[in-house]
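Everything below concerns the one structure shown next.
The values are calculated or read from the model by the stated rules, or taken from the named source; none is laboratory data. Computed from a predicted structure; not experimentally measured. With ideal geometry, Cβ positions are generated from the backbone for all residues, glycine too; neighbour counts draw on all protein chains shown. Side chains are part of the model used for accessible areas, which takes the heavy atoms of the whole protein and leaves out ligands, DNA and RNA. Shrake-Rupley method; radii C 1.70, N 1.55, O 1.52, S 1.80 Å.
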Amino acid sequence: MKRILIVDDEPDITLLVKLNLELTGKYVIREENDAADTLAAAREFRPDLILLDVMMPTMDGGDVVVELKADPDLRHTPVIFLTATVLKEEVDAKGGMIGGYPFIPKPVSVEALIQCIESQLGDGKVEDGQPAGA
């Protein structure tokens with residue numbers, strides 16, 4: 001089972017996403033509601049993928065990504081941004097990518113989220129924190 005870390009300052013959002021993803025039987029989920037604790041949570045949990053809110057009070061998602069990419073053990077961990085600040089039409093117009101990262105607009109469609117997660121995880125086996133071929 002793939003390990004996914006969900007980071008959002010709204011506990012209701014992380015719980016809803018967690019429950020929906022766990023229903024698939026494919027994922028082990030950990031929630032983090034304080035962006036400043038993301039790096040520590042990721043080091044401990046060792047996720048295969050991180051779902052990350054953009055706008056949070058202590059740090060924004062961009063700052064969190066900078067920290068993750070600076071960590072040799074986490075820099076290859078795929079990140080998908082979840083955000084209410086970008087409209088679905090904007091994401092669609094940019095092919096689902098903004099700034100080199102996949103974005104999913106809130107409210108999150110479970111089907112779209114799972115499709116994006118699967119496309120980021122691919123069929124490659126993760127070894128030493130790096131996706132196959134990285």
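Going highest first, how would you order 101-110, 73-82 by mean Cβ packing within 10 Å?
Packing order, densest peptide first, comes out as 73-82, 101-110.
Rounded to the nearest percent, how much of the accessible area of the chain (1.4 Å probe, protein heavy atoms only) is carbon and sulfur?
Answer for the chain: carbon and sulfur cover 53 percent of the accessible area.
What number of lysine-lysine pairs in the chain show an alpha-carbon separation below 17 angstrom, given a sequence spacing of 8 or more or placement on distinct chains?
Counting lysine pairs in the chain gives 8.
What ratio of Cα Rg to 2.2 N^0.38 Å holds for the chain?
Against the empirical 2.2 N^0.38 Å value, I get 0.96 for the chain.
Separation between the Asp34 and Asn20 pseudo-spin-labels, each 7 Å from Cα along Cα→Cβ, expressed in nm?
2.7
I need the peptides 59-72, 41-54 ranked by packing, meaning the mean over residues of other C-beta atoms within 10 angstrom, with the highest value on top.
41-54, 59-72
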